[in-house]
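Down below is the structure, laid out as structure tokens.
The values are calculated or read from the model by the stated rules, or taken from the named source; none is laboratory data. Only a predicted model underlies this, so the values are computations on that prediction, with no experimental measurement involved. Ideal geometry is used to build each Cβ from the backbone, glycine not excepted, and the neighbour counts take in all protein chains shown. When the accessible area is computed, the model is the full protein with side chains, heavy atoms only, and any ligands, DNA or RNA have been set aside. Shrake-Rupley method; radii C 1.70, N 1.55, O 1.52, S 1.80 Å.
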Amino acid sequence: QVQLVESGGGLVQTGGSLRLSCAASGSISSINVMGWYRQTPGKQRELVASITSGSKANYADSVKGRFTISRDNAKNTVFLQMDSLKPEDTAVYYCNVLQGWGVYWGQGTQVTVSS
């Protein structure tokens, strides 16, 4: 099993920045993809950004140019730098890790952007 602990959510004004972190621990062998998803009430969870072990990043169109994903493979940690935040970025953000056939989720961290 892999455990994920997220941090960095909070309340910020429009145009502000936040940095999310997610540290993986437990039975870690070779993590393939690390990423962030978000969800708002009544909507499906959506991919925000993901990054492979080779640091190839993928972003949702809605966050391109504003969010940056990165990872520290030595510390099994993934980061999401969120700049120029908008009210529509308000959601619960979930860390996600793919390792072999396993899919693991964090507990979620709330991000609220006030207008």
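Observations on the model:
- Count of region 14-25 residues, restricted to those that are under 15 Å from V78 (Cα atoms) and either part of a loop (DSSP other than H, G, I, E, B) or within 15 Å of the chain's Cα centre (by Cα) (or both), is 7.
- Residue count for region 53-63, restricted to those that are modelled with pLDDT of 95 or more and in contact with a strand residue (DSSP E or B) (Cβ under 8 Å, 6 or more places away or on another chain): 5
- Filtered residue count, region 64-115, keeping only those that are farther than 23 Å from P41 by Cα, modelled with pLDDT of 95 or more and small (G, A, S): 2
- Unmet requirement for S115, which otherwise passes all of (1) surrounded by fewer than 14 Cβ atoms within 10 Å (Cβ to Cβ); (2) closer than 14 Å to V2 by Cβ: (2)
- For region 16-40, taking the residues that are open to solvent by 50 Å² or more (accessible area, probe 1.4 Å) and modelled with pLDDT of 95 or more, the one that is farthest from Q110 (Cα to Cα) is identified as S17.
- Per the listing V78, V48, the residue uniquely free of Cβ contacts under 8 Å to residues at least 60 places away in the same chain, touching a Cys at 6+ places or on another chain (Cβ under 6 Å) and not basic (K, R) is V78.
- Applying the set (1) part of a loop (DSSP other than H, G, I, E, B); (2) touching a helix residue (DSSP H, G or I) at 6+ places or on another chain (Cβ under 7 Å); (3) hydrophobic (A, V, I, L, M, F, W, C) to I28 leaves exactly one unmet item: (2).
- Filter result (assigned to a strand (DSSP E or B), open to solvent by less than 70 Å² (accessible area, probe 1.4 Å) and under 17 Å from L20 (Cα atoms)) within region 43-67: L47, V48, A49, S50, I51, A57, Y59, F67
- Matching residues in region 68-103 - criterion: being assigned to a helix (DSSP H, G or I) and surrounded by 15 or more Cβ atoms within 10 Å (Cβ to Cβ): D89
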